[in-house]
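First comes the structure, then the notes that go with it.
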Ligand SMILES: Cc1cc2nc3c(=O)[nH]c(=O)nc-3n(C[C@H](O)[C@H](O)[C@H](O)COP(=O)(O)OP(=O)(O)OC[C@H]3O[C@@H](n4cnc5c(N)ncnc54)[C@H](O)[C@@H]3O)c2cc1C
Ligand SMILES: Nc1ncnc2c1ncn2[C@@H]1O[C@H](COP(=O)(O)O)[C@@H](O)[C@H]1O
């Protein structure tokens, strides 16, 4: 089975992120492999263990390759970095274009592509579905269950929907975006982490993809941030200091008369 | 301006979801500024009731009522929607940031080669019809005002409870029936089964009031007191990752970075410490109440009202007090 996993290194949820100016953010240097992408890597590794084949981790990033190293440390066979100065300023669709073009280039066809539900920086949830659309393959968003029938090239997945679960089936090749609950990503052994630090990462540029600079990067962007804003500030908390049960009565009163919500 | 403002009117079992009415109400407001018509896009099977409910909210209803649309998949919706979007070239297409919206819109936008702003918490429009979308980044630590390139439609999904439903609208939409384009051979996936969640409560992303308990509730059976409180308030019950990982509650009710973002009018947290991963999911809630035994719990930094106290004492008392007060 040929499996590709789309991975991204993102600021840890605990990292401080602040608005520096209208057009710039200040991001604390605290990165990790996107939480959902580790689940995607684990999904790929589990299938390889069952059916054999190869897991390749893939990122579009000019600087950060730690997500690829995390993938290798967990057990991925190969790591590819798509990198090119012209990719600066790309939106999610341009990232998807670079990824899909790479996946289409391969002489060896893919069976499965895994991505995360969303990247914990832009929180977009766009790259997975966009890659699937460009490749013209089935995709299911936000899966929490997966059952592959390799000989039949068929997959059954569970998708979280508002107020329930949906069971879907589709044929391979396909792309799935992974949600918490699908599996528990393995923690790599220290030995493998060390090995991954030294592992070779293949670089691919736009020329190798046959893309030109106008098709990606800032100029091709379909949406643009016009201004960054700090989050709306909540007024300081009002602590209700009375003893029980007066505090409960006061709370209800405040919710009715001050906040006017019940 | 001739090009219209469209809202994807999402329906479940023939009933249009509340977020769609919220967005239509906003679209009607926008249309007063831009002089555009408002269109509702409705797909499914057996939609008379849905059409009726939408009639006051739009100038036109673009309707595809066909057995092939009985259950949603992005494939079948995309095949049906793309051709008439291309034909009519609306200037805006909005949808709820629901599981369906988040599934359909990115793929549809890629297909149409147009811009898409996901999971927005605010929208404004300029007189020339340019949409400005506000969306949280990094889980809500910062926000971005997003604008679109020249491509149309300008697409966005918007969180529940961002806009209010305007119940005084009195339009009488013209229904434009469109034949289905479903080509069974082109369908790539099919729905095998649907498992409805237990109970009849709204999804936590949809509910106007969410009451939640974390590890402080100590055991899964103790959530009963939360359910009772929720019943009085017509609220849904949320939780933290801690209880989900313990297997006490379902993942669908988890609030936070690896769960769901909620935008409730009122959020009440009981026995929740307020880890950043959790509070990132409640940043756009209007009023937040926190109850915790630990006076230093971080959750108080994100709350409007706080009580230091034992949830096992407070929750039942609150339920009783609300019962009394709401009856008056
Ligand atoms: C990558 C990542 C993603 C994550 N995503 C999420 C997420 O999406 N959502 C999420 O919630 N968490 C998430 N977490 C976990 C998060 O960091 C916290 O561990 C979790 O939110 C803690 O849950 P809790 O508040 O229920 O438990 P605790 O932190 O254990 O807090 C329990 C609280 O209950 C109080 N308490 C105890 N007894 C009582 C009582 N009788 N009455 C009142 N109060 C009482 C205690 O004082 C304490 O404050 C994530 C973590 C990581 C690393
Ligand atoms: N630059 C990137 N390189 C590789 N994969 C990515 C990149 N950006 C996003 N992805 C994948 O797409 C998913 C959704 O990202 P997003 O659409 O940015 O929320 C992520 O979880 C990754 O699996």
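Every read-out reported here was derived from the displayed coordinates using simple, explicitly stated rules and does not represent laboratory data. Please read these numbers as outputs of a predicted model, since none were measured by experiment. We place every Cβ from the backbone using ideal geometry, glycine too, and count neighbours over all the protein chains shown.
Who wins for biggest fluctuation among B:314, B:272, B:299 in a Gaussian network model of chain B, springs between alpha carbons below 10 Å? Top of the fluctuation ranking is B:314. Between the C-alpha center of segment A:82-120 and that of segment A:1-37 there is a gap of 17 Å. Across every pair of non-identical alpha carbons in the protein assembly as shown, the mean reciprocal distance, once inverted, gives a Kirkwood radius of 24.9 Å. Projected onto their three principal axes, the Cα atoms of chain A cover extents of 71, 43, 39 Å, largest first.
Going by the alpha-carbon gyration tensor, a ≥ b ≥ c the square roots of its eigenvalues, is segment A:170-255 rounded (a/c under 1.5) or, if a/c is not under 1.5, prolate (a/b greater than b/c) versus oblate? Kindly include the intermediate steps, with their values, before the conclusion.
On the way: a/c = 2.78, a/b = 1.82, b/c = 1.53.
Taking the square roots of the gyration eigenvalues as a ≥ b ≥ c, segment A:170-255 is prolate.
Here the simple spin-label model places points 7 Å from the Cα toward Cβ, and for residue A:198 and residue B:215 these points are separated by 3.9 nm. The residue A:28 and residue B:171 beta-carbon pair, evaluated with R₀ = 51 Å, returns a calculated FRET efficiency of approximately 0.55. Rounded, prolate or oblate: which one fits segment B:209-327, using the alpha carbon gyration tensor with axes a ≥ b ≥ c (rounded when a/c is under 1.5, else prolate when a/b beats b/c, else oblate)? It is rounded, given that a/c, with a ≥ b ≥ c, falls under 1.5. With both labels modelled 7 Å from their Cα along Cα-to-Cβ, the residue A:77 to residue B:149 distance reads 3.6 nm. In this calculation the C-beta distance from residue B:194 to residue A:260 is compared with R0 = 30 Å, giving a FRET efficiency of 0.20. Projecting label points 7 angstrom from Cα along Cα→Cβ for residue A:153 and residue A:191 puts them 3.8 nm apart. Residues considered: A:81, A:118, A:189. Largest GNM mean-square fluctuation over chain A, using C-alpha springs under 10 Å, is found at A:189.
Its Kirkwood hydrodynamic radius, worked out from the mean inverse distance over all distinct Cα pairs, puts segment A:109-252 at 20.4 Å.
Rg over Rh of segment A:4-91, using C-alpha atoms and the Kirkwood radius, what does it come to? Don't skip to the end; give the middle numbers.
On the way: Rg = 15.0 Å, Rh = 14.2 Å.
Here Rg/Rh amounts to 1.05.
Note on residue B:245 and residue B:227: the extension gain reaches 4.5 nm, defined as 0.36 nm multiplied by sequence separation minus the Cα-Cα distance.
Between segment B:227-294 and segment A:153-194, the alpha-carbon centres lie 25 Å apart.
As a test of understanding, state the convex hull volume per residue of segment B:120-271 from its alpha carbons, in Å³.
On the way: hull volume 33.0 nm³, N = 152.
So the per-residue Cα hull volume is 217 Å³.
Between A:88, A:166, A:242, the Gaussian network model of chain A with springs among Cα atoms under 10 angstrom shows the greatest mean-square fluctuation at A:242. Computed from the Cα positions only, the extents of segment B:5-186 along the three principal axes stand at 43, 38, 28 Å, in decreasing order. Placing R0 at 56 angstrom, the Cβ-Cβ distance between residue A:224 and residue B:294 gives a FRET efficiency of 0.80 after rounding to 0.05. Size descriptors for chain B (Cα atoms only): Rg and Dmax, in that order, 21.2, 62 Å.
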